[in-house]
Every structure is written in C-alpha cells, then in structure tokens.
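A.B. asks: This is the structure I have questions about; it appears just below.
The values are calculated or read from the model by the stated rules, or taken from the named source; none is laboratory data. For clarity, every value in this text was computed on a predicted model and none was experimentally measured. Methodologically, a virtual Cβ is constructed for each residue, glycine included, from the backbone with ideal geometry; neighbour enumeration extends over all protein chains shown.
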Amino acid sequence: MKVLILGGYGTFGGRLATLLADVEALDLLIAGRSLARAEAFCAAYRGAARVQPLALDRAQIADALAAHRPDLVVDASGPFQNYGDDPYPVIEACLAEGVDYLDFADAAAFVFGVSRFDARAKAGGVSILSGVSSFPVLTAAVLREIGRSMEIRSVEGGIAPSPFAGVGLNVMRAVVSYAGAPVKLRRGGRPFVAKGLTESRRFTIAVPSQLPLHSRRFSLVDVPDLQVIPPEHPGMSDIWMGAGPIPGLLHRILNGLARARARFGLPALTPLSPLFYAVLNRMRFGEHRGGMIVRVTGTREGRELVKSWHLLAEGDDGPFIPSMAIEALIRKRLKGERSAPGARSAVHALDLADYDALFQNRAITTGFREERSCDTIYRRVLGPAFDTLPPVIRALHGGRATSRWVGTAEVRRGQGLAARLICALTGFPRTGDAVPASVTFAPDGEVERWTRRIGGKTLRSVQWAGTGRDQFLLIEKFGIARFSVALLCEGDRLRLVPRRWTLAGLPMPACLLPGGEMIETARDDRFVFDINIRAPWIGPIVHYRGSLSLEAPRAQPAESARNGIG
C-alpha cells in the first residue's frame, strides 16, 4: 500500500511515519516543499516500512497523484486555518484521481465544510475523512461512550500538552491566527460566536489512582469539535474546548494579545507565531507529562449528573496521540477494513476501544469519574479506584460516623536540629518501639477531623476533598500548614503524594515541599501505615509505622438499656 504524506517530515506527519515503522506492507512518500528535509528524514528513518523523499508543493498535488499513484493521501501540512478562499485543492485532486484522503485538520470551518464533497465522493467510490486527530475523533468517541449512560447537555474540556512535547511552527501559526478571531460554537442551546483564546477555564486532569497533572488554565481554541459534535447529540446545549499550554506566563501573554485584537479590531497576530514558536520550544521545565479531559453535564433518569473522562500521557508518548487516529485507520485498511466512500468529518472513524488498543503498550492511562457530592472524602478524590482498595482501608476511609482505630506503632524522629524543632512544634510522636497508637475519625459536614495519639503525643488535623486548583486532591490541614495530596492506588497499597502546600494561606515554593514515602496497606485484616516524612534541606523529620484495628463499640450501660435509651 502506497501512502503519500503531505508534510511527511513535519511534526504530525513525521510522528505518523514513526508509528507505522513496523509495517512492512507500506510505501511512504515523505512529501514537502523542502527536498533536503525530506531526504534527511528518510535517511534517519528506521523501520520495516519503505520511505521515499519527495519535493512537493500543495499546488502540484494533481501532478504528483498522476505520477506516483498512491492509494491514500494524508494531509499533515496545515495550518488549515490559513488555506484561504479555496481551501480544498488536495481533496479536489484526490476526487479527480480516485484516491482516498485523510487529514489532520484542526480548523472547525475546514472540517465542517468537507461534507460538500459527499455526493461526488460516493459517486466516485472515494473515502474523504477530515479532522482525523484527537479533536474531534477522540472527543467524539468519549462522548459516545458517556452518552450510553446519560443524556448529554453540555461538554467542556481540552488538551494539556507536555512542555517537552515540541510544538510545530504550523501548529503555532494556527493557534495565533485565531487568537482574538471569531470562533463558532454552541451556547445556551443556540449558535454563538466567541473570540479565540479570550475565554479561560480551569481543569485538573486526574485519572483515578494516577498522579494527576497540576491544575491548568485552558483557553478557548478553534477546533472541529465545536461544530461537528453538537449534531451528534441533539440535546447538547453547550460545548467549549480549550488548550492548556505552559509556561503559564506565555499563555497569559497570548490571552492578552487575543483580547486586544478582539477589542480594538487589530489584524491577525500570525506574524508573531515564529516568536511564540521559538519561546515555547525553549522554555521547557516541569513535568514531562500531558493529558486530556472531557467533562460532561447531563441527566440520567431525571437526575443531573457530572461525568468526566481523563487521559494522562507520560514522557514522549503523549505527542504521538494526535497521529494515532490515522495510524489506526491505515492499519485497519491493511486488514481490509476500508472507510466507506463519502466525504465527512471523522467523528465516527474510531471508537474508544480502538484507542484503548493503541494506548495499551504505551505510558498512557485513561479513566472515567462521576462527581458526586454525597460521596465520602476519599471516594470523591479516588473515584472508582476507591473500590480496588483492600476492605480494611475502605472501612477506615469510608465511614460516615465517628470511629476509633487502635494499635501500636514504631517511631523514629529525625536527628537534625531543624527536624527536632519541627517535631516539637507540630506534636509529632517521640522515638519509641511498640508504643500505643490510636486514630479517631470524626466526620463533620464536608470535613473529617483526625486525632492521632501515638506514644503520648497528640496530633490533630482536618481533611477534606479539594476543589478549584485542588480538585481531585485530598486536603489536610495541620494548624497553619495546609497540604494538597494526591492519592494513588498501587495494587493493595494506597500511596499519598504531596503536590502543593501553603503556610497561613500563602503558597509555598514546591522546592520546599515536605515529602517522603507515605503508604497505607492491609495485613491480616489490620490497617497498616508507614509514614516517612522528609523535607528538602532538612532530611528526615519523623518516621512512624504500625498497624490499627477498629475498636469495638463500647457496651451500653445496663441502666440505659433498662430505660430504653439508645
């Protein structure tokens, strides 16, 4: 099978070729305006697929199709927002030559308009699919899955790329081109025009039991989802999609420029795209992780419900996700599963199960959450992962009434002066072996009050489920210190990972955040804890470990029983 990839050595085209490297049955024409770059890509390519460099401008596509006779054309060039008044010459050429076509288009108007070729494509037996990428294919697959269990009313979400992912210049041109420009979407049940990158929302991407991304600001982007997804769900009244790039400072500068353009009628900011491209690809710091979220509000049996789908991608796997939809379709075609003739958006191209198969051998995890305020604190934070914990941990963290757990602990305090001072001020237990230990849990509205007594020392704290920046995190407050903690399920263990902290309400630097290994598990139907607290520049502060069991209810006094009290 011969595939011509326009922009084959670029960001998306190059990653697609890499994803297909193991397929011996493929001949890939790596096409672009620069023959030198195409040759360099092919020289460095390693894989079973055969690659051939090709110098090709989009204006020459008809001649290239006649000369090379590919079975499929993939347009990975873009930016599709800038194709002008005649944006479809590649599709026209493919229809004329009877060649199937796929593209990475991220421009809503471009993808929405492809249906004008539907009759011609069906008559010619040609398959034309536009927008074959995360937006809208993955979004649409997620919404179909959610739509099986509820009626969808409103949708919001977006993509949070890793700061190390690398953004192509054409992608930057596309983003900057619609900054402050009209973006068509649906709001309040009616068509609405907003301005690109002038609206922002905050989301936390948190796959149940996985380390969540830090909360990010997302800004409105012009993606196909905004126009091609609402017709799929007749009850949908609102849709909003954004992107959450970092560093945050550059993001806010772009927001400000977009608002200025929208307010004062300034020309497109496209000339600034090389500057943003250069800065964004040099300011790389933080976690090499990215993600995606789709959050849905709707109804089930007349009851309002909020359900969200989360994706986390570690390291270098995340940047490949936008190219995986076309990868999947090419692999399906090699198995004889060719897309039906016609010209349309790719919203029905893949199901969520197709993506699950693609993610299986990569550091990519996904999961659903239902946001229910009636849940207990740990269940709200962990979502469905709470039910995978050992019964004794679920019993300790899932109670709705005051309970007391008792046992013994082994304690070791840090030896440094700073560690001893912190232990004295906070009430951490003294060093000892097999010392008596107890924890009392007292639910109080939206919070739970903890009273730990270990070796004669008492340590009190308050816990609750985080909101806003701390959504899907556990908040624990000791006096003036407040910690936002991620909960991770690892087999039969629950691991606690501090993510941010404040003192007297003031945000503190992450480089000073206390951490260490904090584990909860079960052994012989007893709750087992191993808390080892360390701090940067200080070292070990306190390490206490032991086990607890639920204290039996105290017997009711005989006089109370005789009087019928209880």
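A.B. asks: Do any strands (runs of 3 or more DSSP E) lying entirely in region 402-516 carry at least 2 residues that are over 37 Å from the mean Cα position of the chain (by Cα), and which ones are they?
C.D. replies: Numbers: elements: 403-413, 432-444, 447-454, 457-465, 474-478, 481-490, 493-503.
Counting at least 2 such residues, we get 403-413, 432-444, 447-454, 457-465.
A.B. asks: Same structure again: Return yes when V439 is in the same structural domain as L512 (by TED's automatic domain parsing), of a type in the set (V, I, T), free of Cβ contacts under 8 Å to residues at least 40 places away in the same chain and closer than 22 Å to F386 by Cβ and no when it is not. Steps first, please.
C.D. replies: Details: in the same structural domain as L512 (by TED's automatic domain parsing): yes; of a type in the set (V, I, T): yes; free of Cβ contacts under 8 Å to residues at least 40 places away in the same chain: no; closer than 22 Å to F386 by Cβ: yes.
Taking the combined requirement at face value, the residue does not satisfy it.
A.B. asks: Just to be sure I understand, how many residues within region 300-349 are over 27 Å from the mean Cα position of the chain (by Cα) and surrounded by 24 or more Cβ atoms within 10 Å (Cβ to Cβ)?
C.D. replies: 1
A.B. asks: Filter region 352-370 down to the residues that are surrounded by fewer than 16 Cβ atoms within 10 Å (Cβ to Cβ) and not hydrophobic (A, V, I, L, M, F, W, C), then identify the one that is modelled with the lowest pLDDT. Steps first, answer last, please.
C.D. replies: Going through region 352-370, the residues surrounded by fewer than 16 Cβ atoms within 10 Å (Cβ to Cβ) turn out to be 353, 356-357, 360-361, 363, 370.
Remaining after also requiring not hydrophobic (A, V, I, L, M, F, W, C): 356, 360-361, 370.
Details: D356: 93, Q360: 91, N361: 88, E370: 94.
Among those that are surrounded by fewer than 16 Cβ atoms within 10 Å (Cβ to Cβ) and not hydrophobic (A, V, I, L, M, F, W, C), it is N361.
A.B. asks: Suppose the filter is without any contact (Cβ under 8 Å) to a residue 60 or more places away in the chain, exposed (fewer than 15 other Cβ atoms within 10 Å of the Cβ) and closer than 20 Å to V137 by Cβ; does P231 pass it?
C.D. replies: Numbers: without any contact (Cβ under 8 Å) to a residue 60 or more places away in the chain: yes; exposed (fewer than 15 other Cβ atoms within 10 Å of the Cβ): yes; closer than 20 Å to V137 by Cβ: yes.
Criteria met by P231.
A.B. asks: How many residues, within region 168-215, are in a strand (DSSP E or B), in contact (Cβ under 8 Å) with a residue 24 or more places away in the chain and more than 30 Å from S77 (Cβ to Cβ)? Quick ask: steps written out before the conclusion?
C.D. replies: So in region 168-215, the residues in a strand (DSSP E or B) come out as 182-187, 190-195, 200-203.
Subset that is in contact (Cβ under 8 Å) with a residue 24 or more places away in the chain: 183-187, 194-195, 200-203.
Then drop every residue that is not more than 30 Å from S77 (Cβ to Cβ), which leaves 187, 201-203.
Result for region 168-215: 4.
A.B. asks: Given the conditions (1) part of a loop (DSSP other than H, G, I, E, B); (2) farther than 30 Å from T366 by Cβ, and given that R259 satisfies all but one, which numbered condition is not satisfied?
C.D. replies: (1)
A.B. asks: Among residues belonging to region 167-223 that are out of contact with any Phe, Trp or Tyr (no Cβ under 6 Å at 6 or more places or on another chain) and hydroxyl-bearing (S, T, Y), point out the one that is surrounded by the fewest Cβ atoms within 10 Å (Cβ to Cβ).
C.D. replies: Taking the candidates together, the pick is S200.
A.B. asks: Right, another one. Filter region 407-430 for residues that are among the aliphatic types (A, V, I, L, M) and crowded, with 16+ Cβ neighbours inside 10 Å and give the result.
C.D. replies: From region 407-430, those among the aliphatic types (A, V, I, L, M) are 409, 411, 417-419, 421-422, 424-425; that's our starting set.
A409, V411, A419, I422, listed by residue number.
A.B. asks: Collect the residues in region 125-140 that are buried (at least 24 other Cβ atoms within 10 Å of the Cβ) and of a type in the set (A, V, I, L, M, F, W, C), keeping them in residue-number order. Full working, then the answer.
C.D. replies: If we filter region 125-140 for residues that are buried (at least 24 other Cβ atoms within 10 Å of the Cβ), which is where we start, we get 128-133, 135-140.
Selection gives I128, L129, V132, F135, V137, L138, A140.
A.B. asks: Here is a follow-up. Taking region 1-33 as the region of interest, how many residues are in a loop (DSSP other than H, G, I, E, B), touching a Gly at 6+ places or on another chain (Cβ under 7 Å) and closer than 19 Å to N361 by Cβ? Before the answer, list the steps.
C.D. replies: The initial filter retains those residues of region 1-33 that are in a loop (DSSP other than H, G, I, E, B), namely 1, 7-10, 20-26, 33.
Those still in the list that are touching a Gly at 6+ places or on another chain (Cβ under 7 Å) too: 7-10, 21-22.
Subsequent filtering for residues that are closer than 19 Å to N361 by Cβ retains 21-22.
The number of residues fulfilling the criteria is 2.
A.B. asks: Related question: Which residues, taken from region 7-19, are surrounded by 23 or more Cβ atoms within 10 Å (Cβ to Cβ) and either in contact (Cβ under 8 Å) with a residue 60 or more places away in the chain or closer than 16 Å to P70 by Cα (or both)? Step through it out loud before you land on a result.
C.D. replies: Step one: of region 7-19, the residues surrounded by 23 or more Cβ atoms within 10 Å (Cβ to Cβ) are 7-10, 12-13, 16-17.
Once the filter is applied, which keeps residues that are surrounded by 23 or more Cβ atoms within 10 Å (Cβ to Cβ) and either in contact (Cβ under 8 Å) with a residue 60 or more places away in the chain or closer than 16 Å to P70 by Cα (or both), region 7-19 yields G7, G8, G10, F12, G13, L16, A17.
A.B. asks: Would you pick out the residues in region 141-181 that are at pLDDT 90 or above, over 17 Å from G318 (Cα atoms) and of a type in the set (A, V, I, L, M, F, W, C)?
C.D. replies: Within region 141-181, A141, V142, L143, I146, M150, I152, V155, A179, A181 qualify.
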